[in-house]
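The values are calculated or read from the model by the stated rules, or taken from the named source; none is laboratory data. From a predicted model like this one, the values you see are computed outputs, not experimental measurements. Here the Cβ is made from the backbone with ideal geometry for all residues, glycine too, and neighbour counts use every protein chain on show.
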Amino acid sequence: MASRLPFHRLSALQLRTVPRTAQSSRMLCIGARRSITSNALRKLRPDAVLLQAPIHCSDVSQYGLTRLGGYQVRTYADTIVKVPQMAESITEGTLKQFSKQVGDYVERDEEIATIETDKIDVSVNAPESGTIKELLVNEEDTVTVGQDLVKLELGGAPEQKTEAATEKPKEPADVERRPSPEAHEPKTPETPNAPSPSEEKPTAPKPQPKAAKAETPSETKPSLGNREERRVKMNRMRLRIAERLKQSQNTAASLTTFNEVDMSSLMEFRKLYKDEVLKKTGVKLGFMSAFSRACVLAMKDVPAVNASIEGPNGGDTIVYRDYVDISVAVATEKGLVTPVVRNTETMDLIDIEKAIADLGKKARDNKLTIEDMAGGTFTISNGGVFGSLMGTPIINLPQTAVLGLHAIKDRPAVVNGKVEVRPMMYLALTYDHRLLDGREAVTFLVKVKEYIEDPRRMLLG
């Protein structure tokens, strides 16, 4: 909104604040009916200018008239950037940092700040191009959806800053051209015995040896090591992960079954076709797509693995699903996230691999959205990429099971009555015993093992 000023006279000094670069095409609206150009405003006498409220100054900052007679002028271009909608279940977050400061110019959709939630980091982008005038909150403050964050003055990049930047390098050249005052002063004859100013105070740095002597006793003391402690507040994502993991342990009747799989056939399959697939599709063929496809096929024989328990008081209803949304555990700097590959049952190996690669890149770049992580009916966690030999993954509620993959190690194995060295991997399936019995869980894991050891079986599934 425009400022409303009472009857007021502009002083001669304020009239001179209109820069010479202002052209007559820029207009300042005075009153409701009268208008005057900046050039005409500069020529008017101070006692002849009587401004009548309301004064509408749409481009007042372009002329330097940011204050008129002690009254602050607010232009039409000011806008407030608010905390955006994040998700239905997220109403607040922590403002981690401002990527721009007061006085910085931002383009449209350029990131201004980052808000940390318990699931993802939300970027706050500029709705229009303009200059940041004021930061309305501090970093590490808790902010809610719709809260004011930044005051933004819309418009192009300020011309005054660019002009000043181009003029600054000229100043040193002007200084060099100016004759120094010493050149005009008469030179006094130098006497050979006259000490120079630098030689008059040779004892100035004498206190240094004393300081060195004072430090020598402490240097001789034996070092006991660093026993300092640091207390760092947990971020929202880490707090949420801790809450969810403890909730899973307290709710599900978790049990883990193990098996081992010979990776020879799958590794040979990947070796034969990975270059061709990469050349044609640009997708790097890995192992995650094969395990995902094997799990989808095994779920046809054991559909309870893809089901969940829902309802009050721990759940009283079993929900069976005809679709498979696989959550892929991805480790990031802030914690473990599980983006979802949706409708995996409709994908082939290349489609699954591409979807996993895209989600992994978004997770590492902190660009995951709430939609990327919502849902999920089954989880695959690959701790083998970090060298894990064996582990028991925790169920991601309300899911019923999670498959843990581990490192591939050469181990002796019996093949057709002979001992051979084969690349082996341990598989771990943690399942909710409330819904899955041991027979079903073991059957599912054996089915996955069979598909991996002979990938041709997947064509028959």
Only one of Ile80, Ile90, Ile112 is modelled with pLDDT of 85 or more and surrounded by fewer than 19 Cβ atoms within 10 Å (Cβ to Cβ), namely Ile80
Filter the range 293-314 down to the residues that are at positive phi and in contact (Cβ under 8 Å) with a residue 24 or more places away in the chain and list them by number.
Gly314
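Rundown of residues vs (1) without any contact (Cβ under 8 Å) to a residue 12 or more places away in the chain; (2) closer than 26 Å to Thr251 by Cα; (3) part of a strand (DSSP E or B), yes/no style:
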position: Pro398; (1), (2), (3): no, yes, no
position: Val402; (1), (2), (3): no, yes, yes
position: Ala407; (1), (2), (3): no, no, yes
position: Leu427; (1), (2), (3): no, yes, yes
position: Tyr431; (1), (2), (3): no, yes, yes
position: Arg439; (1), (2), (3): yes, yes, no
position: Val442; (1), (2), (3): no, yes, no
position: Lys447; (1), (2), (3): no, no, no
Within the range 342-362, tally of residues that are over 19 Å from the mean Cα position of the chain (by Cα) and among the small types (Gly, Ala, Ser):
1
Select from the range 225-264 the residues that are modelled with pLDDT of 90 or more, out of contact with any helix residue (DSSP H, G or I) (no Cβ under 6 Å at 6 or more places or on another chain), among the polar types (S, T, N, Q) and surrounded by 13 or more Cβ atoms within 10 Å (Cβ to Cβ) and list them in ascending order.
Ser248, Thr251, Ser254, Thr256, Ser264
Enumerate the strands (runs of 3 or more DSSP E) found wholly within the range 88-158, keeping only those where 3 or more residues are under 25 Å from Thr338 (Cβ atoms).
92-98, 111-116, 121-125
